[in-house]
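My questions all concern the structure below.
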């Protein structure tokens, strides 16, 4: 039976439909503008899922589409073409708009250290697959053509299948609350949506079809591309929660009407972003782009935050939870990220003990996996990693013991979870020359203290602190980290 919910227990419940690979499809960006933070959160969340499934040994085929086909403004096919508007505004060809913002999207994803998908198909590259799928839906009796536009018959489909299975809403309520839209007089039902749209003479992006010159509706592209690369049934389909009620609901209907089978086993949706408790939106003036967040060039930001600090911030909330951007929360995440990275550097300097370890690695490993197996619970995983961080500080100070065998295992575990699974990386990593320079400065300060020249010792510590370097004194030696 197809289950429309999240993966609650990954290792126990998850059995891929298509061996030998796990099929993962995520709705990608519509590339007519800069990628917004809501998109970034979604793609970072599914990067985490992709990374963890791969870490468990699954062969994952991760498909993330690019919407570039010049769809209309609204979910139900009314309004102006976004690509055409942007092309006229910037005096460019529509595909120049596509190229510009696709490259920008990839640049931002690289800054966030997300892995590229296995396949990144475009809507314009799969027009023939969309046309063929529409033809099959018409043949199966769930769509009809009116003057060059093809509509999906929602009420007829709902007689045999549950149209609202993803949201558990009532079809009668949807019909009552649906407002009248352009082209409504052509439709058999108010909820019917366009699979193929007849192009007006001024429409810039259009293709020939059995129903005349036109372009595909928004929803059909994901159904066509997911089935092509992952099969008629696959494992996980994801996106923002705003896609569930319309886009993903219509994807299910299209795929089932075409192939007579439910397309997806698990639907996973990321929650929305808020700023200081208010939903993020351009109209409220509280929305900002990733590059504004990095530079701090926005009136709501005290300063800029690095991509890894922002990624860390996003990972501190479960993907199904609302994520609230505040300066205090971002600054706390910035400090948390630096503290975690400093612990990994400090771990390399921990001296193994001949005594039994004071840290139970088996229990630590089990807790880390239990967190990720519980619906990819990254906040709980981070809490476990900070427990290990506290132990590392104690071991470095000689207040706790860890033998050589356990030390090597701890290094591997932390590397796996911090870098491979969470996708964090060291920013502004120290070069060999910087390490040597700091060793020299620490040695000079140690000699000054030995000579009881405390004024020089204190001035070195204060000067380093002013440029963001913290000295940490212990009984045996002095270490340093970025403060």
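If residue 353 passes every condition in (1) under 26 Å from the mean Cα position of the chain (by Cα); (2) at pLDDT below 95 but one, which one does it miss?
(1)
Based on what the data block shows, is residue 118 over 30 Å from residue 172 (Cα atoms), in contact (Cβ under 8 Å) with a residue 40 or more places away in the chain and either touching a strand residue (DSSP E or B) at 6+ places or on another chain (Cβ under 6 Å) or surrounded by fewer than 14 Cβ atoms within 10 Å (Cβ to Cβ) (or both)?
Answer is yes for this residue.
Hey, residue 97 hits all of (1) touching a residue at least 12 places away in the same chain (Cβ under 8 Å); (2) assigned to a helix (DSSP H, G or I); (3) closer than 27 Å to residue 23 by Cβ but one; which does it fall short on?
(3)
If residue 59 satisfies all but one of (1) buried (at least 19 other Cβ atoms within 10 Å of the Cβ); (2) modelled with pLDDT of 80 or more, what's the number of the condition it fails?
Only one criterion is unmet by residue 59, namely (1).
Could you please let me know if residue 38 is more than 14 Å from residue 421 (Cα to Cα) and part of a loop (DSSP other than H, G, I, E, B)?
no
Identify the single condition in (1) out of contact with any strand residue (DSSP E or B) (no Cβ under 7 Å at 6 or more places or on another chain); (2) under 18 Å from residue 34 (Cβ atoms) that residue 132 does not satisfy, given that it satisfies every other one.
Residue 132 satisfies all of (1) out of contact with any strand residue (DSSP E or B) (no Cβ under 7 Å at 6 or more places or on another chain); (2) under 18 Å from residue 34 (Cβ atoms) except (2).
Working only within region 330-350, note down all residues that are in a helix (DSSP H, G or I) and in contact with a helix residue (DSSP H, G or I) (Cβ under 7 Å, 6 or more places away or on another chain).
330, 333, 334, 336, 337, 339, 340, 343, 344, 346, 347
Related question: Go through the residues of region 430-448 one by one and say whether even a single one is closer than 14 Å to residue 342 by Cβ and not in a helix (DSSP H, G or I).
yes
Going residue by residue through region 427-438, is there one that turns out to be at pLDDT 85 or above, at negative phi and surrounded by 15 or more Cβ atoms within 10 Å (Cβ to Cβ)?
No, the conditions are met nowhere in region 427-438.
Scanning region 37-53 for residues that are touching a residue at least 60 places away in the same chain (Cβ under 8 Å) and farther than 24 Å from residue 250 by Cα, which turns out surrounded by the fewest Cβ atoms within 10 Å (Cβ to Cβ)?
51
For region 441-474, what are the residues that are loosely packed, with under 11 Cβ neighbours inside 10 Å and over 29 Å from residue 335 (Cα atoms)?
450, 451, 452, 454, 455
If we scan region 453-473, do we find a residue that is at pLDDT 75 or above, in a loop (DSSP other than H, G, I, E, B) and farther than 30 Å from residue 55 by Cβ?
We begin by selecting, within region 453-473, every residue at pLDDT 75 or above; these are 453-466, 468-473.
Cutting the leftovers down to in a loop (DSSP other than H, G, I, E, B) gives us 453, 468.
The next check asks that each one be farther than 30 Å from residue 55 by Cβ; those that pass are 453, 468.
Yes, region 453-473 has at least one match.
In addition: Taking region 299-328 on its own, how many of its residues are within 17 Å of residue 280 (Cβ to Cβ) and touching a helix residue (DSSP H, G or I) at 6+ places or on another chain (Cβ under 7 Å)?
8
If I filter region 364-386 for residues that are buried (at least 20 other Cβ atoms within 10 Å of the Cβ), in contact (Cβ under 8 Å) with a residue 12 or more places away in the chain, not assigned by TED's automatic domain parsing to the domain that holds residue 477 and not in a helix (DSSP H, G or I), do I get at least one hit?
For region 364-386, residues buried (at least 20 other Cβ atoms within 10 Å of the Cβ), in contact (Cβ under 8 Å) with a residue 12 or more places away in the chain, not assigned by TED's automatic domain parsing to the domain that holds residue 477 and not in a helix (DSSP H, G or I): present.
Also, I was wondering about something else. May I ask you to verify whether residue 424 is modelled with pLDDT of 95 or more, part of a loop (DSSP other than H, G, I, E, B) and within 16 Å of residue 385 (Cα to Cα)?
Yes: the conditions hold for residue 424.
Restricting to region 87-103, and then to whatever is surrounded by fewer than 19 Cβ atoms within 10 Å (Cβ to Cβ) and touching a helix residue (DSSP H, G or I) at 6+ places or on another chain (Cβ under 9 Å), can you tell me which residue is nearest to residue 162 (Cα to Cα)?
It comes out as 95.
Test residue 28 against the stated conditions and say whether it is modelled with pLDDT of 90 or more and in a loop (DSSP other than H, G, I, E, B).
Taking the combined requirement at face value, the residue satisfies it.
The values are calculated or read from the model by the stated rules, or taken from the named source; none is laboratory data. All values derive from a computational prediction rather than experimental measurement. Cβ atoms come from the backbone with ideal geometry, glycine included; neighbour counts cover every protein chain shown.
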